[in-house]
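Visitor: Sharing a structure below in structure tokens format, with a few things to ask.
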Amino acid sequence: MRVGEIRQFCKVGEEGQRLMRSAMTQLNLSARAYHRILKLARTIADLAGSEEIQSVHLAEALQYRPKLMIGYNDPSNLKVRLRTPKITSW
């Protein structure tokens, strides 16, 4: 689904927009992540038999975000361990 199709089929109400704005700020979501969440929320709404994406569908879609990725956009949260090979003398 392209951006134009997402705009056409994944319309969100006022409450959902507030939820997504809050999630974008708190989770540092990219535009790509935003669109992925909207597409997933559209699928959840379809499975629930709902014509419109409701805030509960968005909240469920946000819960499926990988927990390990939250905060990775902030370099201060990254902890990288480098393993240097142990060199033994010959």
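Visitor: Can you sort LEU19, LEU38, LEU47 by how many other beta carbons sit within 10 Å, fewest first?
Guide: Working: LEU19 18, LEU38 23, LEU47 9.
Placing the least packed residue first, the sequence is LEU47, LEU19, LEU38.
Visitor: With a sphere of radius 13 Å drawn around the Cβ of VAL3, what net charge do the other residues whose Cβ falls strictly inside it have (Lys, Arg +1; Asp, Glu -1)?
Guide: Numbers: positive: ARG2, ARG7, ARG32, ARG36, LYS39; negative: GLU5.
Here the count lands on +4.
Visitor: Using only the alpha-carbon atoms, what does the range 3-70 span along each of its principal axes? Please give whole angstrom values in decreasing order.
Guide: The Cα atoms of the range 3-70 stretch 31, 22, 19 Å along the principal axes, largest first.
No value in this document is a laboratory result; all are computed from the given coordinates. Note that the coordinates shown come from a computational prediction; the quantities given were computed from them, not determined experimentally. Cβ atoms come from the backbone with ideal geometry, glycine included; neighbour counts cover every protein chain shown.
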